[in-house]
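Scroll down for the structure; my scribbles are underneath it.
The values are calculated or read from the model by the stated rules, or taken from the named source; none is laboratory data. Model, not experiment: these values are computed from the prediction. A quick note on method: Cβ atoms are made from the backbone with ideal geometry, for glycine too, and the neighbour counts reach across all protein chains shown. These accessible areas exclude ligands, DNA and RNA; they are computed on the full protein's heavy atoms, side chains included. Shrake-Rupley method; radii C 1.70, N 1.55, O 1.52, S 1.80 Å.
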Amino acid sequence: MSRSSKLTQQIQRVLREKGEVLGATGPTLEGLIAARKRNEENGKSSKAGRKFLGPRLIIKSGAIKIKYDGDRIKTTGVVLQPGMIAADAELAADVALDDFKQDRAARDRDEISCEDVDLRTINMKWINDHASKASPILSRTRRLWADQLEAGFPASRLGDVLWDSGNVYINKLLEGVTDEGKRKTLHNSAVEKLHMQLTAIEYYYNKLTYAPDRRKSYEIPTRFKRKSEIFLTYDQLMDLLKAAEGWRRDERTREWIWDPDPNLFVVRRYILIYFYSGTRDKTILPLKWGMDLEGGSINAAEGIIYRKANGTTSTHKRATPAYLLGDLKEEVKKWEREDMEKGWIHALHDTTGGEITRMKSRFDEVKCRAGLPWTRAHDLKHTGVTFLTHAGLDIRVLATTMSTLPTTLEKEYEHLQFIWMKPKTTTSVDLDLSLAALEKTSPKSSEKWMENTNRAIAARIALAEATKAKRASEKSARSESPIGKSQSHSSSFAVTELGSEA
């Protein structure tokens, strides 16, 4: 049975349910035929546009409507009334459907087949359309990922994408990499890029006038869960803060020397925010004071950090608002007063009040001044989780503070399980989480901790030296001078005993 006869039967059934009412009017057959002839003379045809499954007529709420693009609905203007002839109602709806198809097809005439669109165009379209909702740092990162995918992904056209394309991309990326830690880092980074591209592809399909029934996709491997191995001792955290305040530790005498650099003072804010909130660079650096409708902000008066624009939906990284804890809650009030007096809106800024888009070079300088060159910025989050847990903060409050889930904390911080298993006798309101108070509760650097930490530090040093040697070798190969003359002397530092008592 054809679609038309099915629709006619449905119309007749609805009309019977509505009952016969004398005097009811409806479209005349002569008028409908004349309208169809006018459409044909103007070049309109129901066959225009793509050959994918297109819009179709349905009956909903006593009216004939057009269903298209999945569950989207558009009215034809034909409302079923008692006394209306079913065939006339269907013909009127068909005319409206023809007009709808013609209008949609007119916008598609200049489009090429979706199979022929290159993936970079798709990625950049998604990135640009979402740039207003993302921070400048995140948008730049996404564009960098698009460049890297263009260079390494096995398909350049959407039509060439295969189910195994994601695995092929990762295997190619890891080819020749022997260090297990480096392999996991590259793997996890590639997974993030593949997720972005797959989201962009879905966005492209959803924007098509007539999307195909079968969409191109690929498998994305799961990320490697990284166990937290390193956290700083209390003394090491204090050394970082002191170095950010303008001091430098002499490598030979281990004495502190006053050597201020105004460009590094902002790192103290960075360290405290990272330590107390676990917020990463792409979220920390764009933070503004007050309430920002376009991005993250710090409400100093209320003591709340909004990692995303207030009211936006949380992502798989959560990015939920949280109350600030400890010294940070009071420090932000002082910082805001200082900045507002100068008209500066960014919580982290350079010496002129401008936004900082990259903190790595500043943090690297501070950690070297503190005599802790092996430290990574994300170690601050691990340290914050460890210290606040030992101070007695409930895991649910800690999870919200660190923008994660309690189950995630339990999986990634195995060395804290024995604390979370204990019954709690205090609430977060009763706790003093200032740096001075944390000195009394922070864990001591036991022999086992020193062994694990030294092993992890040694791996970091080996990776850094290997990377530096590789870059020096590549630079020498490109140089016209002999290799022996152009090689630079690689610096190194010894793995020392990290047994300072907290």
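Towards the positive end of the charge dipole of region 144-277, with charges on Cβ (+1 Lys, Arg; -1 Asp, Glu), say which of V168, L149, P212 has the farthest Cα. Towards the positive end, the residue furthest out is P212. Surface analysis of region 264-371 yields an accessible area of 46 Å² per residue, using protein heavy atoms and a 1.4 Å probe. Computing FRET efficiency as 1/(1 + (r/R0)^6) for R337 and T178, where r is the C-beta to C-beta distance and R0 is 56 Å, gives about 0.60.
Could you give the size of the charge dipole of region 168-322 about its Cα centre, using +1 on the Cβ of each K and R and -1 on the Cβ of each D and E, expressed in debye and rounded to the nearest 20?
660 debye
The label-point distance for T8 and E414, in a model that sets each label 7 Å from Cα toward Cβ, rounds to 7.3 nm. Once ligands and nucleic acids are excluded and a 1.4 Å probe is used, how much of L149 is accessible, expressed in Å² to the nearest 10? L149 has an accessible surface of roughly 0 Å² with all protein chains in place.
Estimated at the nearest 10 Å², the accessible area of S61 is 110 Å² with a 1.4 Å probe. The smallest convex shape that holds all Cα atoms of region 152-282, its convex hull, gives 195 Å³ per residue.
The slack in the chain from Y323 to Y203, taken as 0.36 nm per residue of separation less the alpha-carbon distance, amounts to 39.7 nm.
Calculate the translational D of region 133-215 in whole µm² s⁻¹ from Stokes-Einstein, where the hydrodynamic radius comes from the Kirkwood formula applied to all Cα pairs, the temperature is 10 °C and the viscosity 1.306 mPa s.
111 µm²/s
Compactness of region 341-411, taken as the C-alpha radius of gyration over 2.2 N^0.38 Å, stands at 1.45. FRET efficiency for the R471 to S361 pair, using the beta carbon distance and R₀ = 22 Å, is estimated at 0.85. Here the simple spin-label model places points 7 Å from the Cα toward Cβ, and for I85 and E439 these points are separated by 9.6 nm.
Remark: region 318-361 carries a charge dipole of roughly 220 debye about the Cα centre, counting +1 on each Lys and Arg Cβ and -1 on each Asp and Glu Cβ. If R0 is taken as 30 Å, the Cβ-Cβ distance between S189 and R157 corresponds to a FRET efficiency of 0.80. Of the trypsin sites (Lys or Arg not before Pro) found in region 233-277, those in coil by DSSP whose Cβ has at most 11 other Cβ atoms within 10 Å are R252, R254. Packing, taken as the mean count of other beta carbons within 10 Å per residue, orders the peptides 404-415, 291-302 from highest to lowest as 291-302, 404-415. Model label sites at R280 and K74, defined 7 Å from Cα along the beta-carbon direction, differ in position by 4.1 nm.
Its Cα centre serving as origin, region 333-477 has a Cβ charge dipole (Lys and Arg +1, Asp and Glu -1) of approximately 440 debye.
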